1. Quick check: is even one residue across region A:109-120 within 9 Å of another protein chain (Cβ to nearest Cβ), more than 28 Å from B:Leu66 (Cβ to Cβ) and over 12 Å from the mean Cα position of the chain (by Cα)?
2. For B:Gly107, are the conditions met, namely being over 25 Å from A:Phe141 (Cα atoms) and either out of contact with any Gly (no Cβ under 8 Å at 6 or more places or on another chain) or without any contact (Cβ under 8 Å) to a residue 12 or more places away in the chain (or both)?
3. Any residue in region A:11-21 that is away from DNA strand C (no atom under 12 Å from the Cβ), small (Gly, Ala, Ser) and away from chain B (no Cβ under 14 Å)?
4. Inspect all residues belonging to region B:66-84 and state whether any of them is more than 15 Å from the chain's Cα centre (by Cα) and either surrounded by 17 or more Cβ atoms within 10 Å (Cβ to Cβ) or within 16 Å of DNA strand C (Cβ to nearest atom) (or both).
5. Please determine whether any residue of region B:52-63 is surrounded by fewer than 19 Cβ atoms within 10 Å (Cβ to Cβ), at the interface with another protein chain (Cβ under 10 Å from one of its Cβ atoms) and over 25 Å from B:Ala128 (Cβ atoms).
6. Just to verify a result, which residue in region B:21-44, among those that are in contact (Cβ under 8 Å) with a residue 40 or more places away in the chain and surrounded by 17 or more Cβ atoms within 10 Å (Cβ to Cβ), is farthest from B:Arg94 (Cα to Cα)?
7. Would it be correct to say that A:Leu81 is away from DNA strand D (no atom under 16 Å from the Cβ), touching an Asp or Glu at 6+ places or on another chain (Cβ under 9 Å) and either within 13 Å of another protein chain (Cβ to nearest Cβ) or assigned to a helix (DSSP H, G or I) (or both)?
8. Do the conditions hold for A:Ala39, that is, is it aliphatic (A, V, I, L, M), on the phi < 0 side of the Ramachandran plot and more than 14 Å from chain B (Cβ to nearest Cβ)?
2 protein chains.
Amino acid sequence: MIRDRGIARLTAREVAGLAGVSEASVFYHYKDRFGLLQAVFEEGLKPLRALAEGGVHPGADPREVLTLYGNTLEEFLDGVLPLIAAAQSDAELRDSMEAYMAEHDLGPHRGVRAIGDYFAAEQAAGRARADFDPYAVAMMFIGACYTRASQRETPLPSIALPPLERIIDSIVALMAPAGRSV
Amino acid sequence: MIRDRGIARLTAREVAGLAGVSEASVFYHYKDRFGLLQAVFEEGLKPLRALAEGGVHPGADPREVLTLYGNTLEEFLDGVLPLIAAAQSDAELRDSMEAYMAEHDLGPHRGVRAIGDYFAAEQAAGRARADFDPYAVAMMFIGACYTRASQRETPLPSIALPPLERIIDSIVALMAPAGRSV
DNA sequence: GTCTATAGGTTGATAGAC
DNA sequence: GTCTATCAACCTATAGAC
C-alpha cells in the first residue's frame, strides 16, 4: 500500500479492508498507528540486515563479487527505499527509523566498508593498481547502485542510467595493474 | 516545515499560523492543499533546474570541474531531497512531481550526461586512459554525491562516508594515462 | 480475538461580512 | 484580499458484546 498509494493513504480503515478484518482488530494487534507503521518498517528492513550480514568472500573474482553484491543491493533497495522515503513524512516516524538504523548499524557505510575491504585485500595481493583507492571506489560503486535504485522509484520515461554491468566493467578495467589491462 | 516536521504536519492551519494570516487566506491563494504543495515543490525544484542548465566547461582542470560540480550538486540535493521524499507520501503528489520532472527533463541522468561528456572530451584530447569509460565513471561520481546527500538527510551519529575530496582524488588518479600517474 | 458502534479530534474547504 | 464562523468528511482510538 505504501509503495503504490503512499503512506498518507495507509489508514487503519484501508488496512482492515484489505485484510478482510475489522478496523478494531488492527488497533488490537498493533496498539496504534505508530505501532502498525513500526511493524511495517521492521519487517521491510529485514532484508537489508541480511545483506549487511552476508559477507563478501575475499579472493573471489572482482566481476563476480561486484555483480552479485550490486544486484542484491539494488534489489533490496527497490523494496526498502519506498519505506525510507515514507518515514520522512512524519518527524516521529523518521526519528524512530533513524534510531532503529543506528541501533543495528545500518546504512550505506556498511556497503562501502564491505566492498572497500574487499578492494583493499585485492590491492594488498597485488591485484589492483597502487593508486587505486579502495574505499573511494567502493563509495562510488555503492553510490551508483543507490542512485539507480532511487531513480527507479519515480520512473521517468525512456531515460536510462548506465547499466550496472557497464559500471562493473569500468571498475574492473581501472583497477587492473598497469601493463595487464583488460 | 516539511524539512523538520514532515509533510504530514504541513496543514493549512499550521501554514497560516506561521505566516500570521488566517486559514482561509491560504486556500484563497492556493485553491487547495494540492495547489499549495505544488507551489512549494516548483519553488524548491528551481535550483535543480539552474544546476542542469549550468554547463561544465570543457578543457578545464578535472579536479576543479569535479569539485565545483560535486559541491554544487550536493548542496542542491540537500535542499531538494526532503521535498522529493515528501512527494512519495501521496500517489497524486508523486505523479505530479514525476510529470514536472519529465517535462523539464530533470534527474540524475542530466548530471551523468554533463560529467560524462566532459570526461569523453578529456579522453578524446588524450588526457584520459583509453580504458576509462566516461559515462560509467560519471555515473559513479554522481552516485557518490547523491548517496552522500541522501545519508545527510537521516544523520546517523559518527558514521561518515568518504569525503567528496577523496573521491575526486581517486578519479583524477585513475583517469591519468599510464606512465603519467599523479 | 473479532466484531459493531461510537466518541473525540483534526482537517480541508466554503460562506459571507468587511 | 483578509477575516470569522462553520460544516462535512475523515481518522484514530476505545467500549463493550460475542
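1. For region A:109-120, residues within 9 Å of another protein chain (Cβ to nearest Cβ), more than 28 Å from B:Leu66 (Cβ to Cβ) and over 12 Å from the mean Cα position of the chain (by Cα): absent.
2. In short, no.
3. Checking region A:11-21: not a single residue is away from DNA strand C (no atom under 12 Å from the Cβ), small (Gly, Ala, Ser) and away from chain B (no Cβ under 14 Å).
4. no
5. Checked region B:52-63: no residue is surrounded by fewer than 19 Cβ atoms within 10 Å (Cβ to Cβ), at the interface with another protein chain (Cβ under 10 Å from one of its Cβ atoms) and over 25 Å from B:Ala128 (Cβ atoms).
6. Within region B:21-44, the match that is farthest from B:Arg94 (Cα to Cα) is B:Val40.
7. Yes: the conditions hold for A:Leu81.
8. yes
Here, each number is a calculation from the coordinates, and none is a lab measurement. Bear in mind that the values here come from a model prediction, so they are computed numbers and not experimental data. Heads up, the Cβs are rebuilt from the backbone with ideal geometry, glycines too, and the neighbour counts pull from every protein chain shown.
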